[in-house]
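The values are calculated or read from the model by the stated rules, or taken from the named source; none is laboratory data. Bear in mind the structure is a predicted one, so any value in this text is a computation, not a measurement. Here the Cβ positions follow ideal geometry from the backbone for every residue, glycine too, while neighbour counts run over all protein chains shown. Quick note on the areas: whole protein, heavy atoms, side chains included, nothing else; ligands and nucleic acids left out. Shrake-Rupley method; radii C 1.70, N 1.55, O 1.52, S 1.80 Å.
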Amino acid sequence: MQAFLEYLNTLNLFQLFALFLIENAFIAAAAVLIGFACDGLLMQIRRLITVEEIYWACSTVFFNTLITLAGYLLFKNGYVVFHLSVNPLEIFVDFIVLILAMDFLMYVFHWAIHKLSFVYRFHDLHHVYDTPTAISLFVLHPVEVMGFGMLWLFLLFVMNFSIYAVMLYLVFNVAMGIIGHLRKEIVPEVVKNNVVFQWLANTGFHVDHHQNEDHNYGFYTKVWDRLFGTLK
Ligand SMILES: [Zn+2]
Ligand SMILES: [Zn+2]
(Lines give C-alpha, C1' and ligand atoms only; values in the text may rest on other atoms or scores of the structure.)
(Ligands and ions follow the chains in the order given, each with its own letter.)
Protein backbone atom coordinates (compact mmCIF):
# COMPACT_ATOMS: atom_id res chain seq x y z
CA MET A 1 0.00 0.00 0.00
CA GLN A 2 2.79 2.41 1.03
CA ALA A 3 4.76 1.63 -2.17
CA PHE A 4 1.67 2.25 -4.31
CA LEU A 5 1.01 5.61 -2.62
CA GLU A 6 4.68 6.58 -3.14
CA TYR A 7 4.33 5.65 -6.82
CA LEU A 8 1.20 7.85 -7.15
CA ASN A 9 3.21 10.68 -5.58
CA THR A 10 5.67 10.60 -8.52
CA LEU A 11 2.92 11.12 -11.14
CA ASN A 12 1.87 14.49 -12.55
CA LEU A 13 -1.78 15.56 -12.85
CA PHE A 14 -2.17 14.28 -16.41
CA GLN A 15 -0.66 10.88 -15.54
CA LEU A 16 -2.91 10.60 -12.47
CA PHE A 17 -5.97 11.42 -14.58
CA ALA A 18 -4.98 8.80 -17.17
CA LEU A 19 -4.41 6.14 -14.49
CA PHE A 20 -7.75 6.85 -12.75
CA LEU A 21 -9.52 6.93 -16.15
CA ILE A 22 -8.20 3.44 -16.94
CA GLU A 23 -9.24 2.25 -13.45
CA ASN A 24 -12.79 3.63 -13.77
CA ALA A 25 -13.19 2.33 -17.34
CA PHE A 26 -12.04 -1.13 -16.23
CA ILE A 27 -14.51 -1.14 -13.29
CA ALA A 28 -17.40 -0.07 -15.56
CA ALA A 29 -16.55 -2.63 -18.27
CA ALA A 30 -16.18 -5.42 -15.67
CA ALA A 31 -19.48 -4.43 -13.98
CA VAL A 32 -21.37 -4.49 -17.30
CA LEU A 33 -19.87 -7.87 -18.29
CA ILE A 34 -20.57 -9.41 -14.85
CA GLY A 35 -24.13 -8.04 -14.88
CA PHE A 36 -24.91 -9.42 -18.33
CA ALA A 37 -23.31 -12.74 -17.34
CA CYS A 38 -25.54 -12.90 -14.21
CA ASP A 39 -28.60 -12.34 -16.42
CA GLY A 40 -27.40 -15.00 -18.89
CA LEU A 41 -27.34 -12.33 -21.62
CA LEU A 42 -23.61 -12.21 -22.34
CA MET A 43 -24.02 -13.66 -25.85
CA GLN A 44 -26.61 -10.98 -26.69
CA ILE A 45 -24.71 -8.04 -25.20
CA ARG A 46 -23.92 -6.39 -28.57
CA ARG A 47 -27.59 -6.47 -29.58
CA LEU A 48 -28.87 -5.22 -26.21
CA ILE A 49 -26.53 -2.25 -25.63
CA THR A 50 -27.25 0.93 -27.60
CA VAL A 51 -24.78 3.57 -28.82
CA GLU A 52 -26.57 6.09 -26.57
CA GLU A 53 -25.95 3.90 -23.51
CA ILE A 54 -22.26 3.61 -24.41
CA TYR A 55 -22.11 7.41 -24.72
CA TRP A 56 -23.62 7.92 -21.24
CA ALA A 57 -21.45 5.17 -19.72
CA CYS A 58 -18.31 6.91 -21.13
CA SER A 59 -19.56 10.21 -19.69
CA THR A 60 -20.09 8.59 -16.26
CA VAL A 61 -16.61 7.03 -16.37
CA PHE A 62 -15.14 10.48 -17.19
CA PHE A 63 -16.92 12.23 -14.29
CA ASN A 64 -16.17 9.35 -11.87
CA THR A 65 -12.51 9.85 -12.86
CA LEU A 66 -12.74 13.54 -11.89
CA ILE A 67 -14.15 12.50 -8.48
CA THR A 68 -11.37 9.91 -8.02
CA LEU A 69 -8.75 12.54 -8.90
CA ALA A 70 -10.34 15.10 -6.54
CA GLY A 71 -10.38 12.47 -3.76
CA TYR A 72 -6.71 11.65 -4.32
CA LEU A 73 -5.72 15.34 -4.30
CA LEU A 74 -7.70 15.90 -1.06
CA PHE A 75 -5.84 12.91 0.43
CA LYS A 76 -2.43 14.09 -0.84
CA ASN A 77 -2.98 17.53 0.70
CA GLY A 78 -4.15 16.18 4.07
CA TYR A 79 -7.86 17.06 3.78
CA VAL A 80 -8.80 13.37 3.68
CA VAL A 81 -7.07 11.04 6.13
CA PHE A 82 -7.14 7.23 6.11
CA HIS A 83 -5.81 4.99 8.87
CA LEU A 84 -3.84 1.87 8.02
CA SER A 85 -4.89 -0.34 10.95
CA VAL A 86 -5.13 -4.02 10.05
CA ASN A 87 -7.34 -4.83 13.08
CA PRO A 88 -10.24 -6.83 11.55
CA LEU A 89 -12.79 -5.40 14.02
CA GLU A 90 -11.82 -1.79 13.19
CA ILE A 91 -12.00 -2.55 9.46
CA PHE A 92 -15.41 -4.24 9.87
CA VAL A 93 -16.87 -1.38 11.96
CA ASP A 94 -15.60 1.22 9.45
CA PHE A 95 -17.06 -0.83 6.58
CA ILE A 96 -20.51 -0.94 8.24
CA VAL A 97 -20.38 2.79 9.08
CA LEU A 98 -19.41 3.56 5.46
CA ILE A 99 -22.34 1.52 4.13
CA LEU A 100 -24.93 3.05 6.47
CA ALA A 101 -23.62 6.63 6.14
CA MET A 102 -23.40 6.54 2.33
CA ASP A 103 -26.74 4.76 2.11
CA PHE A 104 -28.33 7.51 4.22
CA LEU A 105 -26.70 10.37 2.25
CA MET A 106 -27.64 8.78 -1.09
CA TYR A 107 -31.17 8.04 0.16
CA VAL A 108 -31.68 11.75 0.97
CA PHE A 109 -30.07 12.85 -2.33
CA HIS A 110 -32.13 10.34 -4.34
CA TRP A 111 -35.38 11.25 -2.54
CA ALA A 112 -34.70 14.98 -3.05
CA ILE A 113 -33.86 14.61 -6.76
CA HIS A 114 -37.27 12.92 -7.19
CA LYS A 115 -39.26 15.41 -5.13
CA LEU A 116 -37.69 18.67 -6.35
CA SER A 117 -38.97 19.26 -9.88
CA PHE A 118 -36.11 21.60 -10.90
CA VAL A 119 -33.51 18.84 -10.34
CA TYR A 120 -35.59 15.80 -11.39
CA ARG A 121 -34.70 16.51 -15.05
CA PHE A 122 -31.14 15.37 -14.18
CA HIS A 123 -32.45 12.03 -12.89
CA ASP A 124 -35.12 11.12 -15.45
CA LEU A 125 -32.36 9.91 -17.83
CA HIS A 126 -31.76 6.99 -15.44
CA HIS A 127 -35.51 6.32 -15.28
CA VAL A 128 -36.00 5.55 -18.98
CA TYR A 129 -35.51 1.90 -17.95
CA ASP A 130 -38.43 -0.20 -16.63
CA THR A 131 -36.27 -3.31 -16.82
CA PRO A 132 -32.69 -2.14 -16.35
CA THR A 133 -29.56 -4.05 -17.30
CA ALA A 134 -26.07 -3.62 -15.88
CA ILE A 135 -25.22 -0.77 -18.28
CA SER A 136 -28.25 1.21 -16.98
CA LEU A 137 -26.18 1.60 -13.79
CA PHE A 138 -23.90 3.95 -15.77
CA VAL A 139 -26.62 5.84 -17.65
CA LEU A 140 -26.56 8.88 -15.40
CA HIS A 141 -26.55 12.63 -16.01
CA PRO A 142 -23.17 14.25 -15.12
CA VAL A 143 -24.93 16.42 -12.49
CA GLU A 144 -26.09 13.24 -10.73
CA VAL A 145 -22.66 11.61 -10.99
CA MET A 146 -21.02 14.70 -9.49
CA GLY A 147 -23.74 14.90 -6.81
CA PHE A 148 -23.10 11.32 -5.64
CA GLY A 149 -19.34 11.94 -5.91
CA MET A 150 -19.55 15.06 -3.73
CA LEU A 151 -21.44 13.08 -1.05
CA TRP A 152 -18.63 10.51 -1.09
CA LEU A 153 -15.88 13.15 -0.81
CA PHE A 154 -17.86 14.94 1.93
CA LEU A 155 -18.04 11.75 4.01
CA LEU A 156 -14.29 11.09 3.57
CA PHE A 157 -13.60 14.73 4.53
CA VAL A 158 -15.62 14.66 7.80
CA MET A 159 -14.65 11.16 9.01
CA ASN A 160 -11.44 9.11 9.02
CA PHE A 161 -11.81 5.54 7.79
CA SER A 162 -9.55 2.53 7.41
CA ILE A 163 -8.13 2.43 3.87
CA TYR A 164 -8.99 -1.30 3.78
CA ALA A 165 -12.61 -0.60 4.76
CA VAL A 166 -12.77 1.99 1.97
CA MET A 167 -11.46 -0.54 -0.55
CA LEU A 168 -14.02 -3.13 0.64
CA TYR A 169 -16.77 -0.51 0.44
CA LEU A 170 -15.83 0.41 -3.16
CA VAL A 171 -16.13 -3.25 -4.21
CA PHE A 172 -19.45 -3.52 -2.29
CA ASN A 173 -20.72 -0.34 -4.00
CA VAL A 174 -20.13 -1.75 -7.49
CA ALA A 175 -21.56 -5.17 -6.50
CA MET A 176 -24.76 -3.57 -5.16
CA GLY A 177 -24.99 -1.39 -8.28
CA ILE A 178 -24.88 -4.52 -10.46
CA ILE A 179 -27.39 -6.40 -8.24
CA GLY A 180 -29.84 -3.47 -8.48
CA HIS A 181 -29.70 -3.44 -12.30
CA LEU A 182 -30.32 -7.02 -13.31
CA ARG A 183 -33.21 -8.64 -15.15
CA LYS A 184 -33.45 -11.55 -12.76
CA GLU A 185 -33.07 -11.89 -9.01
CA ILE A 186 -29.74 -13.54 -8.25
CA VAL A 187 -30.16 -13.52 -4.46
CA PRO A 188 -31.66 -16.93 -3.50
CA GLU A 189 -35.08 -16.78 -1.76
CA VAL A 190 -33.70 -18.33 1.44
CA VAL A 191 -31.02 -15.62 1.70
CA LYS A 192 -33.46 -12.83 0.77
CA ASN A 193 -35.80 -13.79 3.62
CA ASN A 194 -33.00 -14.23 6.15
CA VAL A 195 -33.41 -11.91 9.18
CA VAL A 196 -30.17 -10.03 8.35
CA PHE A 197 -30.30 -10.06 4.55
CA GLN A 198 -33.90 -8.85 4.42
CA TRP A 199 -32.53 -5.46 5.48
CA LEU A 200 -30.24 -5.42 2.44
CA ALA A 201 -31.35 -4.18 -0.97
CA ASN A 202 -31.84 -6.83 -3.64
CA THR A 203 -32.54 -6.77 -7.38
CA GLY A 204 -36.34 -6.53 -7.01
CA PHE A 205 -35.99 -3.65 -4.53
CA HIS A 206 -34.26 -1.31 -7.01
CA VAL A 207 -36.04 -2.61 -10.13
CA ASP A 208 -39.33 -1.78 -8.31
CA HIS A 209 -38.02 1.77 -7.93
CA HIS A 210 -37.45 1.96 -11.71
CA GLN A 211 -41.10 0.94 -12.18
CA ASN A 212 -42.64 3.05 -9.39
CA GLU A 213 -40.73 6.17 -8.43
CA ASP A 214 -42.60 6.76 -5.15
CA HIS A 215 -40.68 4.23 -3.10
CA ASN A 216 -37.39 2.34 -2.56
CA TYR A 217 -34.91 5.24 -2.63
CA GLY A 218 -32.10 3.38 -0.80
CA PHE A 219 -29.23 1.70 -2.63
CA TYR A 220 -27.57 -0.74 -0.23
CA THR A 221 -30.14 -1.29 2.52
CA LYS A 222 -33.86 -0.98 3.22
CA VAL A 223 -33.11 0.69 6.57
CA TRP A 224 -33.88 4.28 5.55
CA ASP A 225 -36.89 3.34 3.41
CA ARG A 226 -38.33 1.44 6.41
CA LEU A 227 -37.62 4.34 8.80
CA PHE A 228 -39.09 7.04 6.53
CA GLY A 229 -42.04 4.98 5.25
CA THR A 230 -41.00 4.76 1.60
CA LEU A 231 -40.48 0.98 1.46
CA LYS A 232 -42.74 -0.96 -0.87
ZN1 LIG B 1 -31.23 2.38 -11.15
ZN1 LIG C 1 -34.76 7.26 -8.90
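Mean separation of Cα pairs under 8 Å and 6+ residues apart, divided by the residue count of segment 2-227: what relative contact order is that in percent?
For segment 2-227, the relative contact order is 26 percent.
Starting from the 7 Å offset along Cα-to-Cβ, what nm value, one decimal, do you get for the label separation of Asp124 and Phe92?
4.7
Heads up, I need the accessible area for Asp214: 1.4 angstrom probe, whole protein in place, Å², nearest 10.
Counting only protein heavy atoms, Asp214 exposes about 100 Å² to solvent.
Tell me, what is the per residue accessible area of segment 1-130 in Å², probe radius 1.4 Å?
59
Non-local amide H neighbours of His83 (under 5 Å, H modeled in plane, Pro and chain starts lacking H): which ones?
Phe161, Ser162, Ile163
Extension gain Gln15-Thr50, at 0.36 nm per residue separation less the Cα-Cα distance, in nm?
Gain on extension, Gln15 to Thr50, equals 9.5 nm.
Using the alpha-carbon atoms, what tilt in degrees (0 to 90, nearest 10) does helix 51-76 show relative to the longest principal axis of the chain?
30
Extension gain Asn77-Lys115, at 0.36 nm per residue separation less the Cα-Cα distance, in nm?
Working it through step by step, the gained length comes to 10.0 nm.
Work through the residues other than His110 whose Cβ is under 11 Å from its Cβ and net out their charges, Lys, Arg +1 and Asp, Glu -1.
Once all neighbours under 11 Å are counted, the net charge is -3.
With each label point set 7 Å from Cα along the Cα-Cβ vector, what nm distance links Val174 and Ala29?
1.2
At what distance in nm do the modelled label points of Thr131 and Phe154 sit from each other, each positioned 7 Å from its Cα along Cα→Cβ?
Taking the two extended label points, one gets 3.7 nm.
Solvent-accessible area of Lys76, probe 1.4 Å, all protein chains present, reported in Å² to the nearest ten, please.
Its heavy atoms expose roughly 100 Å² to the probe.
Where Lys and Arg each count +1 and Asp and Glu each count -1, what net charge lies around Asp208 among other residues with Cβ under 12 Å from its Cβ?
-3
As a test of reading the structure, rank Trp199, Trp56 by solvent-accessible area (1.4 Å probe, protein chains only), most first.
Sorted descending by solvent-accessible area, the residues read Trp199, Trp56.
Over the chain, with a Gaussian network built from C-alpha contacts below 10 Å, which listed residue (Leu73, Leu42, Leu116) shows the highest mean-square fluctuation?
For the chain, modelled as a Gaussian network with Cα springs under 10 Å, the answer is Leu116.
Using 1/(1 + (r/R0)^6) with R0 = 41 angstrom and r between the beta carbons of Gln211 and Met167, what's the FRET efficiency to the nearest 0.05?
0.75
For the chain, which whole-number percentage of the solvent-accessible area (1.4 Å probe, protein heavy atoms only) is attributable to carbon and sulfur atoms?
That fraction is 70 percent.
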